[in-house]
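Before any comments, here is the structure.
What follows draws every value from the coordinates through simple rules; no lab data is involved. None of the values given here were measured: they were computed from a predicted structure. Cβ: placed from backbone, ideal geometry, glycine included. Neighbour counts: every protein chain shown.
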Amino acid sequence: MKDMIVKNPSLVNPHGREKRLNPLLLSGAELEEEREKAKALAQLRVTPREAGDLIMMGIGGFTPLSGFMGYDDWKGVCAECKLADGTFWPIPITVSATEEQAGSVRNGEEVAIVSGETSEIIATMKVTEKYTIDKEFECKQVFRTTDIDHPGVRMVVNQAGVNFAGPLKVLSEGIFPKRYPEIYLKPSETREIFKKKGWSTVAALQLRNPMHRAHEYLAKIAIEICDGVLIHHLLGKLEAVDGVPASVTARAIGVLIDRYFVEGTCVHAGYPLDMRYAGPREALLHAVFRQNYGCSHLIIGRNHAGIDEYYGPFDAQKIFDDVSQDALEIRPLKIVDRVFYCLKCDGMASVKTCPHVKEDRIVPSGTKIRKVLSEGEVVPPRFIRAEVLEVLRGYYAGLTEEERDHVFSVSR
Ligand SMILES: [Zn+2]
């Protein structure tokens, strides 16, 4: 079955013309010098989303970007998924400042970028361009909606009025290396791991929540046809109603891999971004950075990176048909439709492989699991592995009543 996937002798190239990772993180004496210099610079505080994007540029996950985007890149990306030089890129990567800040920073001046959460200086940036954007245009293009209830739209609408662009020097990876020492891996590190294993075809499974049976099934299909799978989950922020903290997700994924996967068939790692919930466009971004991490394929499931009913269930699969063949080396694995446990088949299946009726099928979903746990009901058997459920129950049991109300306030 492995012949179905075209074999290359080596891993896919990093994204962009140079075909080389472009990490902006400084090290050694250069880092110390820049840190010292940064203390005296004017400061720009950034949101968690902006800090996450910055760290991705730091570790080469957003290769070939060399800083936050200028107007031409922003416009090309919004309008046709292209940077000004023609390189494929699906979502604007920008940083914003208030008009007052923008007025006090001269063109060509360097600023220190500070995490709004931790107050740590995480980068320096030479501001070579200041520009305003049409936020409605960005939202329409990227999120296909301007509805303020969409969390991604809200992020854009709430960002400050002036975008800054210019070369970036990254000085820190923020909280991630310390908080997730085992699973926070850089693209150069996952590439090294894959090479050591002798892998060339690697499928990435994108996750933002603990794995239930359907995710496990998808990962195992990928293992059947590729050399291995990268189980890669979000370490940044989610909507509170959308899941559990990344540390809980990491534990839940860890127990599943330990008990239900053949040793050496998967690599478990996390990446430092927040969810934007841009559905199809975010699926493309997921593909771009997975190529940088060394993955040849990205599993695209139902409603990938979507939220509520903003996108059709297969929009994130379809959008790859509009991407020209030479834009990306990574390919989507549009493996299946809805995946479920069928009582009659007595196993995991999809509408492609199971001839039975709805009543025979148990369809796992993170939303349902959260609802069932919140209402103290019994989780149906074969919905989620017992070991994973135990991790989740432990998490929910530890919440205060107020936290529980917040987590379960909206059922998505
Ligand atoms: Zn069946």
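With R₀ set to 51 Å, the beta-carbon distance separating E99 from E402 gives a calculated FRET efficiency near 0.85. For a label point 7 Å from the Cα of R259 along Cα→C-beta, name the residues of the range 329-355 whose backbone N is under 20 Å from it. Flagged as within label range: 340-342, 347-349. Distances between placed amide hydrogens fall under 5 Å for R338 paired with V351, all partners being 5 or more residues away or on another chain. Amide H contacts of A42 (H built 1.01 Å from N, in plane; Pro and chain starts excluded): A112 sit under 5 Å, all sequence-distant by 5 or more or on other chains. In this label model, E239 and V357 are separated by 3.4 nm, measuring between points 7 Å along each Cα→Cβ vector. Going from the residue with the fewest nearby Cβ atoms within 10 Å to the one with the most, E402, E110 rank E402, E110.
Here the calculated FRET efficiency for D85 and T367, from their Cβ-Cβ distance with R0 = 30 Å, stands at 0.15, rounded to the nearest 0.05.
Annotation: the residues V267, V262, V162, sorted from fewest to most other C-beta atoms within 10 Å of their own C-beta, follow the order V262, V162, V267. Take the alpha-carbon centre of the range 301-331, take the same for the range 184-222, and report the distance between them in whole Å. Going from one Cα centre to the other spans 19 Å.
For the range 19-28, 3J(HN,Hα) computed residue by residue from phi via the Karplus equation (6.51, -1.76, 1.60; θ = phi - 60°) reads 6, 9, 4, 10, x, 9, 6, 7, 9, x Hz, glycine and proline entered as x.
A Förster radius of 30 Å combined with the Cβ-Cβ distance from Q325 to D346 puts the calculated FRET efficiency at roughly 0.15. Note on T98, T265: ascending count of other Cβ atoms within 10 Å places them as T98, T265, the fewest first.
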